[in-house]
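Have a look at the structure below, then the notes.
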Amino acid sequence: MELTDHVYSLPVTLELGGAERTFTPTVVETETGLILFDTTLPGHADALEDALAEHGFGFEDVRFVVLTHHDGDHAGSLATIQERTGAPTFTHWAEAPYVDGREFPEKSDDERYPPARVDIEVIDGVGFSTLAGPIELVETFGHTRGHSSFHLPEEQLLIAGDALTAADGELQGPAAQHTLEMEQAMESVALLGELDVAHTVCFHGGYVDAGSDRIQEIANSE
């Protein structure tokens with residue numbers, strides 16, 4: 001789905017345990033190629049490539065990979081995508097040890113996805129230049145220790161990662177059962193509510209035509 005000029009959501013629907021689950025990475029065009037925000041579960045890179053192909057892209061177009069955080073549904077296919085693209089990877093410094101194998105992922109049991117390279121560790125306020133305007137990293141801790149969301153102010157668009165979720169077209173708060181520190185996560189929702197956002201894409205639930213007003217409502221509901 002083309003969210004706005006040069007920004008595309010990439011819904012990837014997988015059959016897991018007899019049920020279908022959809023994950024929503026996002027890509028943004030730059031002058032030199034695509035920034036891919038998040039991947040998908042290990043072993044499913046081909047499904048992500050198919051989603052890219054629906055918009056006329058392939059892995060050869062991916063110039064950078066940016067992770068919102070280290071959970072396996074976001075970083076699980078990163079090692080494979082790095083092999084296929086050679087793309088440098090950015091993630092918050094607090095997430096990097098879990099991605100590259102120095103630390104075991106916090107929500108995993110006895111298995112983990114293949115460790116992958118982190119080329120650049122970033123912090124709050126880091127920006128990226130794109131054809132859709134600047135993208136600004138916003139620290140939205142709580143879901144994980146270094147979870148980050150990404151704001152495109154010129155498009156009033158928020159790439160929320162798991163800081164927010166969506167269901168049946170309605171924007172909702174973070175999923176409590178998958179969140180490490182729910183109180184901190186809700187503080188992050190309040191922070192997002194201060195941004196100029198008109199529409200949002202969530203990794204779980206996809207695109208929602210809702211922004212700052214709804215985010216503030218969620219923050220105030222707790």
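Evaluating 6.51 cos²θ - 1.76 cosθ + 1.60 at θ = phi - 60° for every residue in region 54-69, the Karplus couplings come out as 4, 10, x, 10, x, 4, 5, 8, 6, 9, 9, 10, 10, 9, 6, 5 Hz, glycine and proline recorded as x.
Dividing the summed helix terms, -39500 (n - 2.57) for each DSSP H run of n ≥ 4, by the number of residues in the chain produces a 222 nm estimate of -5500 deg cm²/dmol to the nearest 500. Here the Karplus relation 6.51 cos²θ - 1.76 cosθ + 1.60, evaluated at θ = phi - 60°, turns the backbone of region 182-197 into coupling constants of 5, 4, 5, 4, 6, 4, 5, 4, 4, 4, 5, x, 7, 7, 8, 10 Hz, with x for every Gly and Pro. The coefficient of translational diffusion for the chain, derived via Stokes-Einstein from the alpha carbon Kirkwood radius under 25 °C and 0.890 mPa s, stands at 144 µm²/s.
Based on Cα contacts under 8 Å between residues 6+ apart, region 109-222 shows a relative contact order of 21 percent. Magnitude of the charge dipole for region 2-220, about its Cα centre and with charges confined to Cβ atoms of Lys, Arg (+1) and Asp, Glu (-1), is about 360 debye. Among ILE159, ILE123, a tally of other beta-carbon atoms within 10 Å of each Cβ gives an order, fewest to most, of ILE123, ILE159. Working from label points 7 Å from Cα in the Cα-to-Cβ sense, the MET182 to GLU136 distance is 3.0 nm. Using C-alpha pairs under 8 Å with a sequence gap of at least 6, the mean separation divided by the residue count of region 2-220 gives a relative contact order of 16 percent. Most simply put, region 1-142 has about 65% antiparallel DSSP beta bridges, counting only bridges with both residues inside it. Spin-label pair ASN220-GLU111: with each label point 7 Å from Cα along the Cα-Cβ axis, the two points sit 4.6 nm from one another.
Length gained on full extension, ILE120 to MET1: 40.0 nm, using 0.36 nm per residue less the C-alpha separation. For region 1-69, which GluC sites (Glu not before Pro) are both in a DSSP coil and crowded by at most 15 other Cβ atoms within 10 Å? Of the GluC sites (Glu not before Pro), the ones in loops of region 1-69 whose Cβ has at most 15 other Cβ atoms within 10 Å are GLU31, GLU54. For the options THR89, THR13, THR200, a Gaussian network treatment of the chain with springs between C-alpha atoms closer than 10 Å singles out THR13 as fluctuating the most.
Each reported figure results from applying straightforward, stated rules to the coordinates on display, with no laboratory input. Keep in mind that what you see is a predicted model, and the values were worked out from it rather than measured. For neighbour counting, all protein chains shown are included, and Cβ atoms are generated from backbone atoms with ideal geometry for every residue, glycine included.
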